[in-house]
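Each remark here refers to the structure printed beneath this line.
The values are calculated or read from the model by the stated rules, or taken from the named source; none is laboratory data. What you see is a predicted model; the values in this text were computed from it and never measured. Positions of Cβ are backbone-derived with ideal geometry, glycine not excepted, and every protein chain shown enters the neighbour counts. Protein only, heavy atoms only, side chains kept; ligands, DNA and RNA dropped before computing areas. Shrake-Rupley method; radii C 1.70, N 1.55, O 1.52, S 1.80 Å.
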Amino acid sequence: MSLPHAILTALLEKPSSGLELTRRFDKSIGYFWSATHQQIYRELGKLEADGLIRTLPSEQPARGQKKSYEVLPAGRAELARWTATAQEPKPQRDALLLRLRAAAVVGTEGLEADLRRHLELHERQLAEYREIERRDFPPGRDSPEDRLRHLVLRAGIDLETFWTQWLRHALEEFPEPPGHGTR
């Protein structure tokens, strides 16, 4: 799993300059496979050197002009190979869960406020995903490609729904400080 495959996917959807690609990444693929602009530009150079993408010919002098890229047949074949390859699920690693476990032995100071902050962040992300779904996947938009894109978005919606529900539950279970009465 890798940034090269994310870039190949984005370029197959629409040939783009590096700047356009980074902007599109920030609005779509970046929700589930993040990369800095520097990482994207570095990877574009590697993909081009490996013969998987090429710079589109420009009608203007190259100096100072943004380069646009497209995927070559070898890049499409690599993406198809990668897509068809079985992969094992990644084990869950989450610092917040580890911090909760540690709090059981060292105390919970500051943790409740951070749980509330996490809840707010996940609620905001969930609202953003739902807005994208409303805007980009109206009823009747159900081509095979759209269904797969929507499926990816649904994964994000379902994950954010899980986190918001779990964080609310965690806050309900969070120990009250001494002297705040009984529940």
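Listed values, structure above:
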{"read-out": "Count - residues of region 1-39 that are among the hydrophobic types (A, V, I, L, M, F, W, C) and more than 20 Å from T83 (Cα to Cα)", "value": "2"}
{"read-out": "Unmet requirement for T55, which otherwise passes all of (1) open to solvent by 30 Å² or more (accessible area, probe 1.4 Å); (2) closer than 22 Å to Q125 by Cβ; (3) of a type in the set (V, I, T); (4) in contact with a helix residue (DSSP H, G or I) (Cβ under 8 Å, 6 or more places away or on another chain)", "value": "(2)"}
{"read-out": "Qualifying residue in region 24-32 (condition: at pLDDT 85 or above, acidic (D, E) and either surrounded by 14 or more Cβ atoms within 10 Å (Cβ to Cβ) or assigned to a helix (DSSP H, G or I) (or both))", "value": "no"}
{"read-out": "Residue under evaluation T108, criteria (1) under 26 Å from S2 (Cβ atoms); (2) not in a helix (DSSP H, G or I), criterion not met", "value": "(1)"}
{"read-out": "Any hit, region 126-149, residues being farther than 30 Å from I29 by Cβ, at pLDDT below 90 and open to solvent by 70 Å² or more (accessible area, probe 1.4 Å)", "value": "no"}
{"read-out": "Pair list, Cβ under 8 Å, 6 or more apart: region 16-33 residue within 20 Å of H150 (Cα to Cα), other residue in a helix (DSSP H, G or I) and β-branched (V, I, T)", "value": "F25/I40; I29/T9; F32/V152"}
{"read-out": "Subset of region 34-46 (residues that are in contact with a Leu (Cβ under 7 Å, 6 or more places away or on another chain) and open to solvent by 50 Å² or more (accessible area, probe 1.4 Å))", "value": "Q39"}
{"read-out": "Residue that is open to solvent by less than 100 Å² (accessible area, probe 1.4 Å) and touching a residue at least 12 places away in the same chain (Cβ under 8 Å), where the choices are L121, L97, L72", "value": "L72"}
{"read-out": "Selection from region 3-33 of residues that are small (G, A, S) and in contact with a Phe, Trp or Tyr (Cβ under 8 Å, 6 or more places away or on another chain)", "value": "A6, A10, S16, S17, G18"}
{"read-out": "Residue count for region 1-15, restricted to those that are in a helix (DSSP H, G or I), touching a residue at least 40 places away in the same chain (Cβ under 8 Å) and surrounded by fewer than 16 Cβ atoms within 10 Å (Cβ to Cβ)", "value": "1"}
{"read-out": "Qualifying residue in region 99-110 (condition: under 25 Å from the mean Cα position of the chain (by Cα) and under 25 Å from E20 (Cα atoms))", "value": "no"}
{"read-out": "Exclusive hit being free of Cβ contacts under 8 Å to residues at least 40 places away in the same chain, surrounded by 10 or more Cβ atoms within 10 Å (Cβ to Cβ) and over 20 Å from K27 (Cα atoms), set A49, A84, A113, A102", "value": "A102"}
